[in-house]
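Note sheet for the following structure.
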Amino acid sequence: MEIEVLEGVFDANEIIARENRALLDENGTFMVNLMASPGAGKTSFIMRTLEGVKGSLKSAVIEGDIAGKVDSEKIAATGVAAIQINTGGSCHLEAKQVNRALIRLDLEGVDLVIVENVGNLVCPAEFKLGEDLKVMILSVAEGHDKPLKYPLMFSESDVLIVNKIDLIPHTDFDMEALEDTVLKMNSKIVIFKMSCRTGEGVDAWISWLSKRVKER
Amino acid sequence: MHELSVTESMLGVVLRHAEANKATEVTAINMVMGDMSTVMEDSVRFYFEIIGKGTIAEGAQLNFKHTKLLARCPVCGKEFEVVEYNFRCPDCEGVESEIISGREFQVESIEIN
């Protein structure tokens, strides 16, 4: 006997993502899901962002890593609340892991939660977490040809951070080609170019983000 | 890379529907997988063989129907196949195209005894 099912495999995750959304809404909290490959500069980007919104937004960070707590310790040293999730081998965060972390964080009075996803340009794009914004980082050293290799990530993201622009003179990185490819895939994506090392370009992102957080 | 957790979710969907229909055995699982899904069919087969063991779905035949990545332009209404992830409308160059298929990974039906 054939039974009709018509159920998406990601539906269960999306139901929990909606619960996260409701929890964030209750507390007036804005959540960023930050995705990138290992070494693109996710933690440095978070540190720059926290520094930039200090004094105007109360922030917290959820760190997703396969193992270890190096990143959450680095964040906690700045005085910002940080929760580490160890996925134990899994290559992405799922809504239920973020749900547990959000409950532990105590969102009251928190304006901004940044979730640092596991370093990976493939899997995290498939799993909604209940975020307001999907932000991805591509660093110059990775090359401008990545969008066609990881199309889902580029087409799902709301913001593209091109990091390590201070390295451009030492590489064949073609910014125009990158922008052209990305915009054909995702015409709504907002692109910021910066160097988290030198601080160049960080301000434009901070003021754009602050505006988005306050508008919600 | 995330196929283990995806296969677990898929099996969860299958077993829930099978149990609701008082099945004693699931003989086939029919799935639709979009070309833009990041899930690999071979990996799903591999993990299913392992995690399906001991469940009523053990040994079920896995059938995948692949769907092409199609988009619709809201400006001129053109439906087109997206080639090389270029979502620009081939007719009017509109940039707001919406995906109509190719992203899904769905359990369409199951065959049970």
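Before moving on, here are some points about what is shown:
- For the stretch B:60-93, filtering for residues that are of a type in the set (G, A, S) and either within 16 Å of A:L183 (Cβ to Cβ) or in contact (Cβ under 8 Å) with a residue 60 or more places away in the chain (or both) leaves 1.
- Selection status of A:I191, modelled with pLDDT of 95 or more and part of a helix (DSSP H, G or I): no
- Across the stretch A:48-64, the qualifying residues are those that are closer than 19 Å to A:R104 by Cβ and buried (at least 22 other Cβ atoms within 10 Å of the Cβ), and the one among them that is modelled with the lowest pLDDT is A:G64.
- Search result, residues across the stretch A:33-85 that are without any contact (Cβ under 8 Å) to a residue 12 or more places away in the chain and among the hydrophobic types (A, V, I, L, M, F, W, C): A:V70, A:A76, A:A77
- Any hit, the stretch B:45-58, residues being modelled with pLDDT of 95 or more, touching a strand residue (DSSP E or B) at 6+ places or on another chain (Cβ under 8 Å) and among the small types (G, A, S): yes
- With respect to the conditions (1) hydrophobic (A, V, I, L, M, F, W, C); (2) more than 26 Å from A:V213 (Cβ to Cβ); (3) buried (at least 18 other Cβ atoms within 10 Å of the Cβ); (4) within 14 Å of chain B (Cβ to nearest Cβ), A:L148 falls short on a single one, namely (3).
- Leading residue by the ranking (nearest to A:G79 (Cα to Cα)) among those in the stretch A:99-125 that are touching a helix residue (DSSP H, G or I) at 6+ places or on another chain (Cβ under 8 Å) and within 14 Å of chain B (Cβ to nearest Cβ): A:N117
- Single match in A:K134, A:K128 (criterion: within 14 Å of chain B (Cβ to nearest Cβ), at pLDDT 95 or above and under 27 Å from B:R103 (Cβ atoms)): A:K128
- Just so you know, in the stretch A:7-30 the residues that are aliphatic (A, V, I, L, M) and within 14 Å of chain B (Cβ to nearest Cβ) include one that is surrounded by the fewest Cβ atoms within 10 Å (Cβ to Cβ), and it is A:I15.
- Listed conditions (1) touching a helix residue (DSSP H, G or I) at 6+ places or on another chain (Cβ under 6 Å); (2) part of a helix (DSSP H, G or I); (3) free of Cβ contacts under 8 Å to residues at least 40 places away in the same chain are all met by B:I50, apart from (1).
- Candidates are the residues of the stretch A:71-98 that are crowded, with 18+ Cβ neighbours inside 10 Å and within 15 Å of A:E19 (Cα to Cα); the one that is nearest to the other protein chains (Cβ to nearest Cβ) is A:E94.
- Residue within the stretch A:185-197 that is surrounded by fewer than 18 Cβ atoms within 10 Å (Cβ to Cβ), in contact with a Ser or Thr (Cβ under 8 Å, 6 or more places away or on another chain) and more than 14 Å from chain B (Cβ to nearest Cβ) present: yes
Yes or no, residue by residue, for (1) within 14 Å of another protein chain (Cβ to nearest Cβ); (2) without any contact (Cβ under 8 Å) to a residue 60 or more places away in the chain; (3) farther than 23 Å from B:V82 by Cα:
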{"position": "A:E142", "(1), (2), (3)": "no, no, yes"}
{"position": "A:L152", "(1), (2), (3)": "yes, yes, no"}
{"position": "A:E156", "(1), (2), (3)": "yes, yes, no"}
{"position": "A:D172", "(1), (2), (3)": "no, yes, yes"}
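- Taken over the stretch B:39-62, the residue count meeting the criterion of being buried (at least 20 other Cβ atoms within 10 Å of the Cβ) and under 10 Å from the mean Cα position of the chain (by Cα) is 1.
- Filter result for A:E156 (buried (at least 19 other Cβ atoms within 10 Å of the Cβ) and under 26 Å from A:Q84 (Cβ atoms)): yes
- Inspection of the stretch B:104-112 identifies no residue that is more than 10 Å from chain A (Cβ to nearest Cβ) and at pLDDT 95 or above.
- Taken together, the residues in the stretch B:18-37 that are within 24 Å of B:V83 (Cβ to Cβ) and exposed (fewer than 13 other Cβ atoms within 10 Å of the Cβ) amount to 0.
The values are calculated or read from the model by the stated rules, or taken from the named source; none is laboratory data. The structure presented is a predicted model; accordingly, all values stated were derived computationally and were not measured. Cβ sites come from the backbone with ideal geometry, for glycine too, and all protein chains shown count toward neighbours.
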